[in-house]
1. Step through the residues of region 214-229 one at a time and calculate ³J(HN,Hα) from phi using the Karplus curve (6.51 cos²θ - 1.76 cosθ + 1.60, θ = phi - 60°), rounding each to whole Hz and writing x for Gly and Pro.
2. How much net charge surrounds residue 218 when only other residues with a Cβ under 12 Å from its Cβ are counted (Lys, Arg +1; Asp, Glu -1)?
3. In what sequence do 139, 229 fall when counting other Cβ within 10 Å, fewest first?
4. Sorted by mean Cβ packing within 10 Å, highest first, what order do the peptides 171-180, 88-97 take?
5. Please report how far the C-alpha centroid of region 41-72 lies from that of region 113-141, rounded to the nearest whole angstrom.
6. So what's the net charge close to residue 165: Lys and Arg +1, Asp and Glu -1, counting the other residues with Cβ under 12 Å from its Cβ?
7. I want the local charge near residue 128. Using Cβ-Cβ distances under 12 Å, sum +1 for each Lys or Arg and -1 for each Asp or Glu among the other residues.
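Taken together, the values in this text are just the output of simple stated rules run on the coordinates, not laboratory data. Since the structure is predicted, the reported quantities are computational estimates derived from the model, not experimental observations. Ideal geometry is used to build each Cβ from the backbone, glycine not excepted, and the neighbour counts take in all protein chains shown.
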Amino acid sequence: MHTLRKLVFGLAMMMACIPATGADIAILHNGFTILHDRREALGSITRLYTAADGSSYVDIATDQIDHFERGSTLPIAVPKPTPKPAQNLDEIINSISARHRIDPDLINSVIHAESGFNQHAISHKGAQGLMQLMPQTATHLGVADAFSPGDNVEGGTRYLRELLERYDFDVIKALAAYNAGPGRVEQYRGVPPYSETRAYVARIIRDFNRKKLAEKKAAAATARANKATNHHPSITKQDATLANPAN
């Protein structure tokens, strides 16, 4: 098994070293996709350049990348809402994600990066609430109370959806714009050369990837449990009698 892991890692590193021409798509193990012009292996990290001149890039752990494909667009996952108890934050996120057609795990990862799920959070720049909305942005989005989980997540998710549409569902650019502003993304034609923004985008992708991998493992465990149950049918009354003739 150790040898197999080394082989898989080695192949991933080799793939990361292959120059990508034109538009390529990095497919992560959870299905998350990242459009890029070229890539470079840097130790355990693969740097995906999202601008042809190399001015914009995002760093991804190489072992999170499944393979690369040729392509020109990035899909956005369709959410699968799960019912939760009333007023639960998960319920709020699932409901809003269904309305705006954004994966709830992506919204959760943004909230995690923005506020650590503190609905009363205020940044040094004045951003407020779970998704850290600036007052002028909140006003533009019609958010009545930025510290209300429902209002804040609705406004932040709607803004994220606007950014996704603006950048043709390029998730990396949308996340960079959420952090640094659309003006900076357009100025640098991708992720701005700010360490804070690059770390922010990588952190969200890493958290989102972790959630999806956990979901896959849980689904696989459930499937195995169901298969095991199906292979052990219940004992009938007749079976029990034959097993114990004294009855």
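1. 5, 4, 5, 5, 5, 5, 5, 5, 5, 4, 5, 5, 5, 5, 5, 5
2. Once positives and negatives cancel, what remains is +4.
3. Fewest-to-most Cβ neighbours within 10 Å comes out as 229, 139.
4. Result, highest mean Cβ count within 10 Å first: 171-180, 88-97.
5. After rounding, the separation between the Cα centres reads 30 Å.
6. Details: positive: 101, 158, 161, 166, 173; negative: 162, 168, 170.
Counting the neighbours of residue 165, the net charge comes to +2.
7. Numbers: positive: 125; negative: 114, 145, 151.
Charge balance in the 12 Å sphere: -2.
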